[in-house]
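Please treat every number below as a calculation from the coordinates, not as lab data. Quantities reported herein were computed from a predicted structural model and do not represent experimental measurements. Cβ placement follows ideal geometry from the backbone for every residue including glycine, while neighbour counts extend to all protein chains displayed.
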Amino acid sequence: MKAVYVAMMAAAGIAMMGQAQADEALAKAKNCMSCHAIDKKLVGPSYKDVAAKYKGDGKAAATLAAKIKTGGKGVWGEIPMPPNNVTEDEAKKLAAWVLATK
């Protein structure tokens with residue numbers, strides 16, 4: 001029984017890693033990485049900084065998905081983030097990926 005549990009947990013971990021890699025690939029494909037990096041500020045804040053800022057905010061995923069899709073200005077300084085050509089589903093996936101960045 002314990003071996004089955006361990007195998008299931010390992011499979012879940014591999015699946016989650018695969019999803020994280022797919023979401024990072026989406027960020028690269030949508031040119032998000034032109035202005036953002038995972039662990040350092042470029043033009044915009046790092047994804048780690050964004051995740052830290054919104055930690056514990058129950059509305060963060062919806063807020064970030066909307067900002068990803070429509071753009072924004074003022075939260076991180078004067079440089080605006082332009083709207084991105086993403087679907088609602090892509091915006092939600094990207095927001096969840098950013099918030100999961102550690």
So the FRET efficiency between ALA66 and LEU26, C-beta based with R0 = 22 Å and rounded to 0.05, is 0.80
Could you please report the charge total around VAL86, scoring K, R as +1 and D, E as -1 over all other residues with beta-carbon less than 15 angstrom from its beta-carbon? +1
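Lys and Arg at +1, Asp and Glu at -1: add these up for the other residues within a Cβ distance under 12 Å of ALA65 and post the number.
Working: positive: LYS59, LYS67, LYS69, LYS92, LYS93; negative: GLU88, ASP89, GLU90.
Taking every Cβ under 12 Å from that of ALA65, the sum is +2.
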Using a cut-off of 15 Å between beta-carbons, work out the net charge of the residues near ALA52 (Lys and Arg +1, Asp and Glu -1, ALA52 not included). +3
